[in-house]
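Contents: one structure, followed by commentary.
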Amino acid sequence: MRSTTWAVLAGALFSRLAPAEASLPTNIFAPVSTPAQLVHGLSLFVLTVTGVIFVVVFSLLAYSAIKFRRRPDDDGREPFQIYGSDQLELAWTVIPIIIVMVLFLTSARVIHTVQDARKPKSAIDVTVVGHQFWWEFRYPQYGFVTANELHVPVSDPKHPTPTYLKLLSADTDHSFWVPRLAGKTDLIPNHPNEMWIDPHETGLFLGQCAQYCGTQHAKMLLRVYVQSREDFDAWVRSQQQAPAPVSPGDAAAGQRVFQSTACINCHAVSGTNANGKFGPDLTHLMSRSTIASGAVPNTPANLRGWIGNPETFKPGSLMPAMNLTPKELDEVTTYLLTLH
Amino acid sequence: MSSESLPISGLAGLETKPRPTWIEVLHEWLVTVDHKKLGIMYIVYALVFLVVGGVEATILRIQLAIPHAHFVSPQVFNRMFTMHGTTMIFFVAMPVLFGFANYLVPLMIGARDMAFPRLNAFSFWLTAFGGLLLYFSFLGGDGLYGAGSTPDVGWWAYAPLTSVAFSRGHSTDYWTISLLVSGFGTIGTAVNIVATVLSMRCPGMTLGKMPLLVWLNLVMSGMLLFTITPLTAAQLMLMIDRYMGGHFFDTQAGGSAAIWMHFFWIFGHPEVYVLIIPCFAFVSEIVPVFSRKPIFGYPIMVAATVCIGFVSLSVWAHHMYTIGMTSYENAFFVLTTLAVGVPTGIKIFNWLGTMWGGKIRYELPMMWCLGFLFQFLIAGLTGIMLGAAPFDWQLGNSYFVVAHFHYVIVGGILFALFGAFYYWFPKITGKMLDKKLGHWHFWLFLFGFHMTFDFMHIPGLLGMPRRIYTYEAGRGWAIWNLIVTIGVFFQAVAVLMFVFNMIHSYFRGRVAGNDPWDAWTLEWATSSPPPEYNFAVIPEVKSRRPLWDLKHPEDPDWKYE
């Protein structure tokens, strides 16, 4: 019966815990970016107002439930019959209307500030495309594409470099939600959306798809790396380069397998004839710390297991098992390990 | 109204018939057009599906109890949450509320049946058939050659997940057609209730003297006429998309996914009020009787309900704050959503006013209603949080919202319903429900409810989205999910005790008599269970509490109303 109070307590408690991000990495009460901070401010206000209403009404209910119970020594007569009171009705109509107006105006202000913010020239553009069940990130200003792990520069409030995300979907509805950076916005096919973030701290921020999109909705995870400007620029440069040609041996054999099977129907590796668009771009696969949209860490063993049978990590994933021989599996894995 | 005209059944017909054979009994129930028998069938049907939907919920919670559990596959999990939601809304909550409305409305207005008894039977069988069709998808979803699959698109079935490209086989069609069929049943019943209330009231019962339960069911039925229609239209459009090459929601051919959301939620949100208003009705009958006072502010209660009915038709897009509406649209729906809290608050205060200064008897119906009042308060307050659009950008589609609407549906609707069961079971069967089992049921369910749904808010605040079949360890979600799951078992045991109590009390229970609660509305004037014709003589009323007038001729209500 006290969940509202708990929410208030949780708000206070989890805000304290904010610096220890590793323990609660997706806590909405630990915002580090303006949209999330504005929501956080509003949420504390709403929690306070609802908390006060809760205490008042709860006390009145509890008081009347206890005070007006029938006593064992009751004389059996009916209590005084009261049919209503216009003054009271007026009071408990007008007071809630005032509360509603206050809450409405505060909400409208935050809505306006977040949604109608002017986009500065210094903004980074990223086009996010939701797929069943992974994320595609395009950087039109820099001319490369990556997947599942978004990199953005930290934004100094004095010289803001916010990141504007254009949200598209290739198939069903998805929703981009990284709680510490901003509220969620949906990715809807045929219905481009936009949101922005301006993280004030570097670090890794987790999130995931928040709109049911099919079988593997649960493992459509999001990782956002907020980097210093220098680190971000270095990362951009490395992503812009085509991978070095593979040296002869297992890796070259693996590349042949990769290019002669259906892999290239879905995956792209820039500088080669692999230019599929249906699955994640693999040009710099090894620069990512996870595979399968965050489902497992990007280790050679996991990579091999994933190629061998995607169902083991992510049943319902749209990537088919290619029925490679163990030798081919080793070779393809070796090849992919060269894609830095 | 004089006491001589008070209809007491048994005076009218004392003829005794030979005991019917079971085939005669079955035939009787299958072809009946009696509103009471249809009401009971609605209720029993809903209780069966309550257990089915509860089993589905339990499967979901076992899977989520620990991170990376392998109790069910993602496919099964997705089917289970789709079926759980669809079942609980369309084949539990609506039928059970229609059941009570069917049973009580004619009795409370002193009528002998609904306005259209045959339409009533037709509507029930449509609803019943809809539910069976939905569950037949377990066998027929893939077509007869396959192993079968059930709908897995979520209970709101967002486009384009329902398009042929993403939903092969027939599982989505089962979902569509079963809701279409039961939707026609719903419209039939809604028309019937409106017609009954408007044209079948006994002499003296003006609209202003109707019991609140009747008023609220009238508003609920009126709302249904507005809200089922877009749902039906959307289902038809979806069928056209899937089978006739239409592109209403087919985004790959230029259709709009957002338009489905609008169609669905302009049904879906008023639907919440369609479900809660009859529960307000139960509370508005039970609280006065057990506080021994008339309902506080009757005209305001009616006005507030009508107001909820209208305003709730304008709030639907608060389910869509994250789809990229403009800031003006978002702000508009914040205003309407918060505004609906005003008449709802008025209701809570009026129930409080009813209890104030009374002599509250803590019988089981009243205990459930008190639980309702506290929990509905909390549900309303979390609703305000979700209504503030920016807060919803964080909370929407998270476990917070799941906790919120279960607080409404379980903590509010189901608690009021259990209250209604304990209150009217004696009228329906003629037997009292066992008190000791009832207390066990109440306290176990209360404990389990709070264990499950209080703690469910927290993973939402910590960023856990809904509809995920598993989650990673180390997000801070695991402990809360475990607690939530444990609570489910307390609720399950409590519900089983309730079912047992009903069966046990039906056969062995204490005989109730006509008026076990010393109540004031007309249904308590006739025998328990009431005869087929309800009243030997059509009663005549002068006030909202005809039996109070009868019991207190020195101080009748009609002097004050």
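Throughout, read-outs are computed from the coordinates displayed, never taken from laboratory work. All of these numbers come straight from a predicted model, not from anything done at the bench. Quick reminder, even Gly has a Cβ in these numbers, built from the backbone with ideal geometry, and neighbours come from all protein chains shown.
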Got a sec to turn the phi values of the range A:296-308 into Karplus ³J(HN,Hα) couplings, 6.51 cos²θ - 1.76 cosθ + 1.60 with θ = phi - 60°, whole Hz, x for Gly and Pro?
9, x, 7, 10, x, 5, 5, 4, 5, x, 5, 5, x
For the range B:41-107 and the range B:283-325, distance of Cα centres in Å
25 Å
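Could you tell me which of rounded, prolate or oblate describes the range B:209-358, using a ≥ b ≥ c as the square roots of the eigenvalues of the alpha-carbon gyration tensor, with rounded for a/c under 1.5 and, failing that, prolate when a/b is larger than b/c and oblate otherwise?
Working: a/c = 4.09, a/b = 2.17, b/c = 1.88.
Taking the square roots of the gyration eigenvalues as a ≥ b ≥ c, the range B:209-358 is prolate.
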Cα-based equivalent ellipsoid, the range A:215-295: semi-axes from gyration tensor eigenvalues, Å
24, 20, 11
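If we count other beta carbons within 10 Å of each Cβ, what is the order of B:LEU38, B:LEU126, A:LEU44, B:LEU30, fewest first? Walk me through the numbers on the way to the answer.
On the way: B:LEU38 25, B:LEU126 19, A:LEU44 16, B:LEU30 10.
In order of increasing Cβ crowding within 10 Å: B:LEU30, A:LEU44, B:LEU126, B:LEU38.
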Cα-based Rg of the range B:416-561 normalised by 2.2 N^0.38 Å, two decimals
1.55
On a straight-distance basis, which aspartates and glutamates could pair with B:LYS427 in a cross-link, Cα separation under 18 angstrom, same-chain partners fewer than 8 positions away excluded?
B:ASP34, B:ASP113, B:GLU285, B:GLU363, B:ASP515, B:ASP518, B:GLU523, B:GLU532
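Mind giving me the FRET efficiency for B:HIS247 and A:ASP231? R0 is 51 Å, r the Cβ-Cβ distance, nearest 0.05 is fine.
Details: r = 46 Å, r/R0 = 0.91.
Efficiency for this residue pair is about 0.65.
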Against the longest principal axis of chain A, how steep is helix A:86-115, in degrees 0 to 90 to the nearest 10, with axes from Cα atoms?
20 degrees
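Is the range A:250-337 rounded, prolate or oblate when judged by the Cα gyration tensor, a ≥ b ≥ c being the square roots of its eigenvalues, rounded requiring a/c under 1.5 and prolate requiring a/b larger than b/c? Walk me through the intermediate numbers first.
Working: a/c = 1.30, a/b = 1.18, b/c = 1.11.
Taking the square roots of the gyration eigenvalues as a ≥ b ≥ c, the range A:250-337 is rounded.
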Candidate cut points under chymotrypsin sites (Phe, Trp or Tyr not before Pro) in the range B:345-391, DSSP loop plus at most 12 other Cβ atoms within 10 Å of their own Cβ, are B:TYR362
Can you tell me what the convex hull of the Cα atoms of the range A:124-240 projects to on average, as an area in nm²?
6.6 nm²
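Treating the beta-carbon of each Lys and Arg as +1 and of each Asp and Glu as -1, no other charges, what is the dipole magnitude of the range A:250-337 about its Cα centre, to the nearest 20 debye? Mind showing how you got there, number by number?
Details: 6 positive and 6 negative charges, 31 e Å.
With only Lys, Arg, Asp and Glu charged at Cβ, the dipole is about 140 debye.
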So how compact is chain B: Cα radius of gyration and Dmax in angstrom?
23.7, 74
Once you put a point 7 Å from the Cα of B:VAL51 and another 7 Å from the Cα of A:GLN141, both along the Cβ direction, what distance in nm separates them?
6.3 nm
Roughly how many Å is it from the Cα centre of the range A:24-91 to that of the range B:181-249, as a whole number?
33 Å
Identify, among A:PRO297, A:ALA268, A:THR172, the residue whose Cα sits farthest towards the positive end of the charge dipole of chain A, taking +1 on the Cβ of Lys and Arg and -1 on the Cβ of Asp and Glu, with the dipole about the Cα centre.
A:PRO297
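Using +1 on the beta carbon of Lys and Arg, -1 on that of Asp and Glu, and nothing else charged, what's the dipole of the range A:21-83 about the Cα centre, debye to 20?
Numbers: 5 positive and 5 negative charges, 27 e Å.
So the magnitude is around 140 debye.
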One finds the C-alpha centres of the range B:367-440 and the range B:465-511 to be spaced, in Å, by 14 Å
Taking a point 7 angstrom from the Cα of B:VAL33 along the C-beta vector, which residues in the range B:197-215 have backbone N less than 18 Å away?
B:197, B:199-200
For a 32 Å ceiling on Cα separation, which of these pairs sit above it: B:LYS37/B:LYS435; B:LYS17/B:LYS293; A:LYS67/B:LYS37?
B:LYS17/B:LYS293; A:LYS67/B:LYS37
Fewest to most Cβ atoms within 10 Å: B:VAL499, A:VAL145 sort as B:VAL499, A:VAL145
Can you find, among A:ALA251, A:LEU336, A:LEU282, the residue sitting farthest towards the positive end of the charge dipole of the range A:250-337, where Lys and Arg contribute +1 and Asp and Glu -1 at Cβ?
A:LEU282
Peptide-level mean, for A:214-223, of C-beta atoms on other protein chains within 10 Å
5
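Would the range B:410-477 count as rounded, prolate or oblate if I go by the C-alpha gyration tensor, calling it rounded below 1.5 in a/c and otherwise prolate when a/b exceeds b/c, oblate otherwise? Please list the in-between numbers first.
Details: a/c = 4.14, a/b = 3.06, b/c = 1.35.
Taking the square roots of the gyration eigenvalues as a ≥ b ≥ c, the range B:410-477 is prolate.
Placing unit charges on C-beta atoms (Lys and Arg positive, Asp and Glu negative, everything else neutral), compute the dipole magnitude of the range A:178-320 about its Cα centre in debye, rounded to 20. Write out the running numbers ahead of the final one.
Working: 11 positive and 10 negative charges, 71 e Å.
Here the size comes out at about 340 debye.
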In nm², the average projected area of the convex hull spanned by the Cα atoms of the protein assembly as shown is 38.8 nm²
Tell me which of A:GLN115, A:LEU38, B:VAL488 sits at the most positive position along the dipole axis of the protein assembly as shown, charges placed on C-beta atoms (Lys, Arg +1; Asp, Glu -1).
B:VAL488
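Using R₀ = 35 Å, calculate the FRET efficiency as 1/(1 + (r/R₀)^6) where r is the Cβ-Cβ separation of A:LEU204 and A:ASN265; round to 0.05. Present the calculation step by step, with values, prior to reporting the outcome.
Working: r = 32 Å, r/R0 = 0.92.
Result of the calculation: an efficiency of 0.65.
Fewest to most neighbouring Cβ within 10 Å: what's the order for B:ILE323, B:ILE177? Don't jump to the answer; show the numbers that get you there.
Numbers: B:ILE323 22, B:ILE177 17.
With the fewest neighbours first, B:ILE323, B:ILE177 line up as B:ILE177, B:ILE323.
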How far, in degrees from 0 to 90, does helix B:257-291 lean away from the longest principal axis of the Cα atoms of chain B, to the nearest 10?
30 degrees
Pull up all non-local amide H partners of A:ALA147: gap of 5 or more, or a different chain, and H-to-H distance under 5 Å with H placed in the peptide plane.
A:PHE137
Per the Cauchy relation, a quarter of the hull surface: what is the mean projected area of the convex hull of the alpha carbons in the range A:52-164, in nm²?
15.5 nm²
Cα long-axis angle, helix A:250-260 against chain A (0 to 90 degrees, to the nearest 10):
70 degrees
Efficiency of FRET from Cβ geometry, B:HIS504 and B:GLU24, R₀ 30 Å, rounded to 0.05
0.70
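Per residue of B:452-462, count partner chain C-beta atoms within 10 Å of its C-beta, then hand back the mean as an integer. Can you show the working numbers first?
Details: counts 0, 1, 6, 2, 1, 5, 5, 1, 2, 12, 10.
Other-chain Cβ atoms within 10 Å of each residue's Cβ, averaged: 4.
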Which residue fluctuates the most in chain A, going by a Gaussian network model with Cα springs under 10 Å, if the choices are A:PRO96, A:PRO79, A:PRO162?
A:PRO79
Long-range amide H partners of A:GLU194, meaning residues 5 or more apart or on another chain whose placed amide H is closer than 5 Å, are A:LEU167
